[in-house]
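Worksheet: one structure, shown below.
The values are calculated or read from the model by the stated rules, or taken from the named source; none is laboratory data. Since we're looking at a predicted model, the values are computed, not measured. With ideal geometry, Cβ positions are generated from the backbone for all residues, glycine too; neighbour counts draw on all protein chains shown. Each accessible area value is taken on the protein alone, full model and side chains, heavy atoms only, with ligands, DNA and RNA left out. Shrake-Rupley method; radii C 1.70, N 1.55, O 1.52, S 1.80 Å.
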Amino acid sequence: MLQQILRDMYIDPELLAELNEEQKQILFYKMREEQLRRWKEREEKARMEEAVLRRTARRKQSDGKHVQWLCGKDGEVWVWVMGEAPGDKPYDQISEELIAERARQQAQKEAEELWRQKEAEITKKFRDAMAQEKARIVAEKWKIEIEDRKAAKLEEEKIQEELKKREEEERQKGEEQIRQQEEIRAKELYLSLKQAQQHSQHSDDDQEWEEQLRRSKAADEERSHKARRARDEYRRQSLRAIQKGIVAGLSNLFQGTSLNNEQETKLNCNSASPLQSLSAASSNIWERPSRPFSREVIIRWFKEEQVPRRAGFERNTNRIAQWFHGIISRQEAEELLMNKSEGTFLVRVSEKIWGYALSYRQQSGFKHFLVDASGDFYSFLGVDPNRHATLTDLIDFHKEEIITSSGGELLLEPCGQQKNPPDYSPLFE
């Protein structure tokens, strides 16, 4: 998934919203590295093409094209200075007109936005008032005789007409206020742009450019430092995981490493239930889409790909793990964790990627980490380079090792179910 993001240089906004700040920083750093690599590649290609063109131009120099400058009566190159030629407006007048136009356009844009907000408020105000009035009339008159119902209907129509009239009056009043604000704002913007132009004429452009460059370099160094520190911590975790013997491989060292024979035998032995055998038999015709697009597709993916891999089960048993949940939203996960202590966690099936989301309760709020399960392993997207053979291995590993160096998250207490039947029941039906 990371390779696809770097190839397209694009990440879906919904997927980006699932990442925390540290994940976003690391992803930004990797995308920046890829941008620099492509830029250097283009520069090298352009340099080589330019060298070829120069060699070709030297060979054709004798009959090549040339540029000739237009000369005036004095024999010098003819030059036209805007505002000084006959018939041209003075430069100051042109500048004043441009500033006034920019101020007018900006004020008009702001006025349109204000009017949209004002119109929405007016519409909502009178729609709510009409609904309340109608409810009051219905509550009072509905059970009365037919004549009274007709009277109530007439009264309702009269009130509706009056409310519409008041709405139109308030709408006209709001439009007039917006127009007045637009005129005032245009004058303010004109003065502001004029002052900015006068100030920029006396400023040192080179000094401003150097300051911007310094801030940009400082920001790049800070991001690079954070990413370097995170990589060092993840490398330490990776070595720790290898020593524990629960990691299928490292994303930056062992690309493509599969499960060893012992793990494969273990997973095959643990997936001998009738439901899992049926899922394995039907997986031959299952073609997974590029990303989840419906709840039904996610359920099928889980049954045919994840159940045979023992996802969500406790180790060496047929019981569902206490921390495992079904296809629930971020908001539902946070409601489950709301009154829990720091370190409480749950794992839910993601609707954004082929994988899961780990929701974690910290002291000041919540954190959410995406778990990529699109390949033959489980790993945190953009955070943890360790590849775990099973989802349970990933959870057990981070009960002893922190997830991020900055947050220090340890999985201490699983968050169980509060519904009956459990929210994961559609996945195992």
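For the reader, a short list of remarks on this structure follows.
- In the range 315-336, the qualifying residues are those that are in contact with a Phe, Trp or Tyr (Cβ under 9 Å, 6 or more places away or on another chain) and of a type in the set (D, E, K, R), and the one that is nearest to Val349 (Cα to Cα) is Arg330.
Matching residues to (1) modelled with pLDDT of 85 or more; (2) open to solvent by less than 70 Å² (accessible area, probe 1.4 Å):
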| site | (1), (2) |
| --- | --- |
| Leu70 | yes, no |
| Glu84 | no, no |
| Tyr91 | no, no |
| Ala100 | yes, yes |
| Arg104 | yes, no |
| Ala107 | yes, yes |
| Glu112 | yes, no |
| Gln117 | yes, no |
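- The set of residues from the range 340-373 being under 20 Å from the mean Cα position of the chain (by Cα) and open to solvent by 20 Å² or more (accessible area, probe 1.4 Å) comprises Glu351, Lys352, Phe366, Lys367.
- Selected residue (criterion: surrounded by the fewest Cβ atoms within 10 Å (Cβ to Cβ)) from residues of the range 25-39 that are out of contact with any helix residue (DSSP H, G or I) (no Cβ under 6 Å at 6 or more places or on another chain) and in contact (Cβ under 8 Å) with a residue 12 or more places away in the chain: Gln35
For every residue, the table says whether it meets (1) aliphatic (A, V, I, L, M); (2) modelled with pLDDT under 80; (3) more than 30 Å from Glu401 (Cβ to Cβ).
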{"position": "Glu157", "(1), (2), (3)": "no, no, yes"}
{"position": "Glu175", "(1), (2), (3)": "no, no, yes"}
{"position": "Asp205", "(1), (2), (3)": "no, yes, yes"}
{"position": "Glu221", "(1), (2), (3)": "no, yes, no"}
{"position": "Arg236", "(1), (2), (3)": "no, yes, no"}
{"position": "Ile246", "(1), (2), (3)": "yes, yes, no"}
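- The range 333-429 holds strands (runs of 3 or more DSSP E) entirely within its bounds, and those carrying 3 or more residues that are of a type in the set (Val, Ile, Thr) map to 344-349.
- For the range 333-349, the criterion of being touching a strand residue (DSSP E or B) at 6+ places or on another chain (Cβ under 8 Å), closer than 22 Å to Arg295 by Cα and aromatic (Phe, Trp, Tyr) is met by no residue.
- Condition met for Leu370 (free of Cβ contacts under 8 Å to residues at least 40 places away in the same chain and within 18 Å of Gln23 (Cβ to Cβ)): no
- Some residue of the range 387-405 being open to solvent by 20 Å² or more (accessible area, probe 1.4 Å), within 26 Å of Tyr29 (Cα to Cα) and under 24 Å from the mean Cα position of the chain (by Cα): yes
- Residue under evaluation Trp80, criteria (1) hydrophobic (A, V, I, L, M, F, W, C); (2) in a helix (DSSP H, G or I); (3) more than 30 Å from Gln177 (Cβ to Cβ), criterion not met: (2)
- Pair list, Cβ under 6 Å, 6 or more apart: the range 410-429 residue closer than 25 Å to Phe397 by Cα, other residue open to solvent by 100 Å² or more (accessible area, probe 1.4 Å): Pro414/Gln322; Gly416/Gln322
- Scanning the range 119-142 for residues that are of a type outside the set (Val, Ile, Thr), open to solvent by less than 80 Å² (accessible area, probe 1.4 Å) and more than 18 Å from Gln180 (Cβ to Cβ) turns up Ala120, Phe126, Asp128, Ala129, Met130, Ala131, Glu133, Ala135, Lys141.
- Failed condition for Thr123, given (1) closer than 30 Å to Lys173 by Cβ; (2) of a type in the set (Val, Ile, Thr); (3) part of a loop (DSSP other than H, G, I, E, B): (3)
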